[in-house]
Amino acid sequence: MIIFFDSMIKNIFIFLCAGLLWPALSAAQTHFPFEGHMDFIRRQVSVKFDIADKSFISIQVSVDSKQDVQLVVNVDHVKTPLATISTVLEGSLMGVHSEQDGRSLNGTMTSRYTLVNYKPMPELNGIFEIKKQKVYVHSLSLGKISCQGLVDFRDSLSLDLLLKLSEVEMGDFVWFLSNEQNAPSDGLVSGEIHISGPLGHPALKGRLSSYEGFIKDLVFDSMFVNFEGIYPLIHLHDSSVTEANGFSFTLEGTLNLSQKTDFRKQFDSLDKSPLVMEDPTKLEWTFKRMQKENTSSTTELKYLLKKKDSVDRLERDNSGMLGIERRVEF
């Protein structure tokens, strides 16, 4: 008797279905018509999910005599909260057995014909391992975005992934926030985003930076963004923007990633304050900051307000001092 679906293959199939259908579920659709076919002789199973408006996701899994697995996933014009996606994913899984870990699967995944909003995109390439009901992502790249981490599909799907952005086009960043495909913008975005927790509402924490760019009428010399939250809400903290004229201010506030609005509206909803630092002897307002990409040198123009050396530390001098400070970090 041939056993086609052992527990590992079942989990792989469930993971593919949940992971690929989650974007559509996030768009508020909760059920999909589907049809499938099982061939015990050829040891193949295929399922097709009809999403909406003639879009679909089809998954085919087959196992050879060595228990190696071949995957083909066809995503055809599926609308997600971020974009309409089409691609063909092809993967292979090779069975490995060890006394320490038991049976595991080493796999590769590549994509072909990828379109996002009907525009060609870089293709996906990945290397991963499946063991003890976890997917260990050793490397996954999509253009200038790379990923490492794991997906745990015991009980419920949960993530622990680190995304790295290496000079992603600012236009793509604006598009992610607002769905504006051709918003006037320029510059490159780099940084890291940690994704953890349940697939439906993961925790997001990250830091991003960009230099010498613009977004519509916001022209900046540098931008540093730190954020964290539970999807779709993220909270900005310890973030700052230095405009091209040198004026610097902090950013605080909350963004809803599921609400796609004009980027300027998103930006205007944040609290913006001049950069102010305080210690027991003085207050500092940073009026102008100049920091270039890939350097540790910063030049700042500050207004310094000295405090009197009093017991309550509340009295201040009536005079201030304008100073220039240059800092070099090691």
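Where the second residue is at pLDDT 95 or above and open to solvent by less than 40 Å² (accessible area, probe 1.4 Å) and the first is of a type in the set (Phe, Trp, Tyr) and lies in region 159-175, which pairs have Cβ atoms under 6 Å and are six or more apart or on separate chains?
Going by the 6 Å Cβ cut-off, the qualifying pairs are Phe173/Val189.
Restricted to region 192-205, and to residues that are surrounded by 17 or more Cβ atoms within 10 Å (Cβ to Cβ) and of a type in the set (A, V, I, L, M, F, W, C), which residue is farthest from Lys164 (Cα to Cα)?
Leu199
Residues checked against (1) in contact with a helix residue (DSSP H, G or I) (Cβ under 7 Å, 6 or more places away or on another chain); (2) closer than 26 Å to Ser258 by Cα; (3) at pLDDT 90 or above:
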| position | (1), (2), (3) |
| --- | --- |
| Gly36 | no, no, no |
| Gln44 | no, no, no |
| Gln60 | no, no, yes |
| Thr87 | no, yes, yes |
| Gly91 | no, no, yes |
| Met109 | no, no, yes |
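Could you give every pair whose Cβ atoms fall below 6 Å, whose first residue belongs to region 237-248 and is within 19 Å of Asp186 (Cα to Cα) and touching a residue at least 40 places away in the same chain (Cβ under 8 Å), and whose second residue is in a strand (DSSP E or B) and open to solvent by 60 Å² or more (accessible area, probe 1.4 Å), counting only separations of at least 6 or pairs across chains?
Gly246/Lys288
Quickly run through region 232-271 and pick out the residues that are within 23 Å of His201 (Cα to Cα) and in a strand (DSSP E or B).
Leu233, Ile234, His235, Leu236, His237, Glu252, Gly253, Thr254, Leu255, Asn256, listed by residue number.
Which pairs have Cβ atoms under 8 Å, sit 6 or more apart or on different chains, and link a residue in region 180-195 that is within 16 Å of Lys265 (Cα to Cα) to one that is in a strand (DSSP E or B)?
Sorted first by the residue in region 180-195, then by its partner, the pairs are Ala183/Ile215; Pro184/Phe214; Pro184/Ile215; Ser185/Gly213; Ser185/Phe214; Ser185/Ile215.
Which of the numbered conditions does Leu162 fail, given that it passes all the others? Conditions: (1) modelled with pLDDT of 90 or more; (2) more than 25 Å from Ile127 (Cα to Cα).
(2)
Output the qualifying pairs, or none if there are none: Cβ atoms under 9 angstrom, residues six or more apart or on different chains, first residue in region 131-142 and part of a strand (DSSP E or B), second residue open to solvent by 60 Å² or more (accessible area, probe 1.4 Å) and basic (Lys, Arg).
Lys131/Arg103; Lys134/Arg154
I'm trying to understand the selection: among the residues of region 70-102, which are outside any strand (DSSP E or B) and under 28 Å from the mean Cα position of the chain (by Cα)? Spell out how you get there, then give the answer.
Within region 70-102, the first condition is being outside any strand (DSSP E or B), and the residues that meet it are 80-83, 99-101.
Matches in region 70-102: Thr80, Pro81, Leu82, Ala83.
Looking only at residues in region 67-99 that are under 15 Å from Gly126 (Cβ atoms) and of a type in the set (S, T, N, Q), which one is surrounded by the fewest Cβ atoms within 10 Å (Cβ to Cβ)?
Ranking the qualifying residues of region 67-99, first place goes to Ser92.
Which of (1) out of contact with any strand residue (DSSP E or B) (no Cβ under 6 Å at 6 or more places or on another chain); (2) open to solvent by 30 Å² or more (accessible area, probe 1.4 Å); (3) of a type outside the set (A, V, I, L, M, F, W, C) does Gly102 not meet, given it meets every other one?
(2)
Considering only residues that are at pLDDT 70 or above and touching a Ser or Thr at 6+ places or on another chain (Cβ under 9 Å), look in region 265-282 and name the one that is surrounded by the most Cβ atoms within 10 Å (Cβ to Cβ).
Within region 265-282, the subset at pLDDT 70 or above is 265-274.
Pick out the ones that are also touching a Ser or Thr at 6+ places or on another chain (Cβ under 9 Å) and you get 265-266, 269-274.
Values: Lys265: 10, Gln266: 18, Ser269: 12, Leu270: 15, Asp271: 11, Lys272: 14, Ser273: 10, Pro274: 12.
Among those residues, the one meeting the criterion is Gln266.
Modelled with pLDDT of 90 or more and surrounded by fewer than 19 Cβ atoms within 10 Å (Cβ to Cβ): which single residue out of Val219, Val189, Val225, Val168 fits that description?
Values: Val189 fails: surrounded by fewer than 19 Cβ atoms within 10 Å (Cβ to Cβ); Val225 fails: surrounded by fewer than 19 Cβ atoms within 10 Å (Cβ to Cβ); Val168 fails: surrounded by fewer than 19 Cβ atoms within 10 Å (Cβ to Cβ).
Sole residue among the options that is modelled with pLDDT of 90 or more and surrounded by fewer than 19 Cβ atoms within 10 Å (Cβ to Cβ): Val219.
Residue check, Ala183 against (1) surrounded by 15 or more Cβ atoms within 10 Å (Cβ to Cβ); (2) out of contact with any helix residue (DSSP H, G or I) (no Cβ under 6 Å at 6 or more places or on another chain); (3) of a type outside the set (Lys, Arg), all met but one. Which one?
(2)
The values are calculated or read from the model by the stated rules, or taken from the named source; none is laboratory data. Since this is a predicted model, take the numbers as computed values, not measurements. Glycine also receives a Cβ, built like all others from the backbone with ideal geometry; neighbour counts cover every protein chain displayed. Note: accessible area is taken over every heavy atom of the protein model, side chains too, but ligands, DNA and RNA are not part of it. Shrake-Rupley method; radii C 1.70, N 1.55, O 1.52, S 1.80 Å.
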